[in-house]
1. Near Arg31, within a Cβ-to-Cβ distance under 12 Å, what is the net charge of the other residues, with Lys and Arg +1 and Asp and Glu -1?
2. Under unit Cβ charges (Lys, Arg +1; Asp, Glu -1), what dipole magnitude, rounded to 20 debye, does region 141-292 have relative to its Cα centre?
3. Find out how many positive minus negative residues lie around Asn294, taking Lys and Arg as positive, Asp and Glu as negative, among other residues whose Cβ is under 12 Å from that of Asn294.
4. Within a Cβ distance under 12 Å of Val273, other residues only, what is the Lys/Arg minus Asp/Glu net charge?
5. Where the centre of each part is set by its Cα atoms, how far does region 164-195 sit from region 74-131, in angstrom?
6. Just to check I understand the Karplus step: with θ = phi - 60° and J = 6.51 cos²θ - 1.76 cosθ + 1.60, what whole-Hz values come out for region 214-226, glycine and proline as x?
7. Looking at region 178-208, which GluC sites (Glu not before Pro) are in a loop (DSSP not H, G, I, E or B) and have at most 13 other Cβ atoms within 10 Å?
8. Let me cross-check His12: its accessible surface, 1.4 Å probe, with only protein heavy atoms counted, in Å² to the nearest 10?
Amino acid sequence: MTVSTHTPTSMHHVLSADQFSSTDLAHIMQRAAEMETILQQGGSTMCQGNILGTLFYEPSTRTRLSFETAMLRLGGSVITESDVTFSSQSKGEVIEDTIRIVGGYTDIIALRTKNKGEAKLAAHYSPVPILNGGDGSGEHPTQSLLDLYTIVKHHKIGERNLNVAFVGDLKYGRTVHSLAKILRKFEGVTLQFVAPETIQMPDDYREDSDQVFTELNPEVLTTADVIYDTRMQKERFEDIELFNRVKNAFIFTPEMVASMKPDAILMHPLPRVNEIMQRVDALPQAKYFEQAINGVPVRMALIAESLGL
Ligand code: CP
């Protein structure tokens, strides 16, 4: 991947993976690497005087806390609303009003909503940058940037052929929707989608060149450079019987992961439930904890870029 000093012009809000050019992506990866150095040096005062508002209307551990850590490591402050029960949204306030108000209190907002498209709606009404931390079954673009950062650390994406297999709940998995869009911007990347027919990758995110499987066959396991596994998103299934039929469709065992190429990486946005056995964690291919930690420098980079710092 070529490093660039170009300053992205598309950065203000971060709403969808669609908004990033290859040049933008190279710049964000470079900025995140610089943020890692800043972290090693104990942080920075770059964002002193700025306030991040975190509005999370769905459960989160990694996204909210890594955004908050990122702002605090940059010397800024954080206010949060992480329980909809205590939010005026529970009294019927619409997101447009909430965003107008919180945008008047803060300099930047990280937002997680239940509904697809709501981050874009919020951005329309917001006086400050909106960072989409997941909009229902739509997108999770900041996750896909930390996913890319993790891939870049292990593989020369864009400089050699790369097989990336997405496994699990591809219908409702917003992280795979955003990451597939990002990976298509690089030469030499082949995408494989492994999921039961009922939760396959939606047509909106598919291209003719993609390879589609309903089983996790040995050929996919042993030829992938990256396997990106996802949780079956029980909370998004309208039919619980359908969830019960697919919930154990793919469970990564140590034996399966050991059959992956030695330099292949197994990723997962987390949280996991049962789809990767804990005994896999010690294998060299298991990179999902490293991936989650990468959320801090990447979100530091996104906050700085969106604030124009
Ligand atoms: N990957 C991710 O979005 O995790 P959280 O739901 O814990 O934020």
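1. Value of the local net charge: -3.
2. Charge dipole, region 141-292, about its Cα centre: 460 debye, nearest 20.
3. Around Asn294, the surrounding residues sum to +1.
4. Here the charged neighbours net out to 0.
5. So the separation of the two Cα centres works out to 28 Å.
6. 9, 10, 8, 7, x, 5, 5, 4, 8, 10, 6, 8, 9
7. Glu187, Glu207
8. Accessible area, nearest 10 Å²: 80 Å².
The values are calculated or read from the model by the stated rules, or taken from the named source; none is laboratory data. Every value quoted in this text rests on a predicted model; they were computed, and no experiment measured them. Note that we place each Cβ from the backbone using ideal geometry, even for glycine, and neighbour counts take in every protein chain shown. We work out accessible area using only protein heavy atoms, side chains counted, and drop any ligands, DNA or RNA first. Shrake-Rupley method; radii C 1.70, N 1.55, O 1.52, S 1.80 Å.
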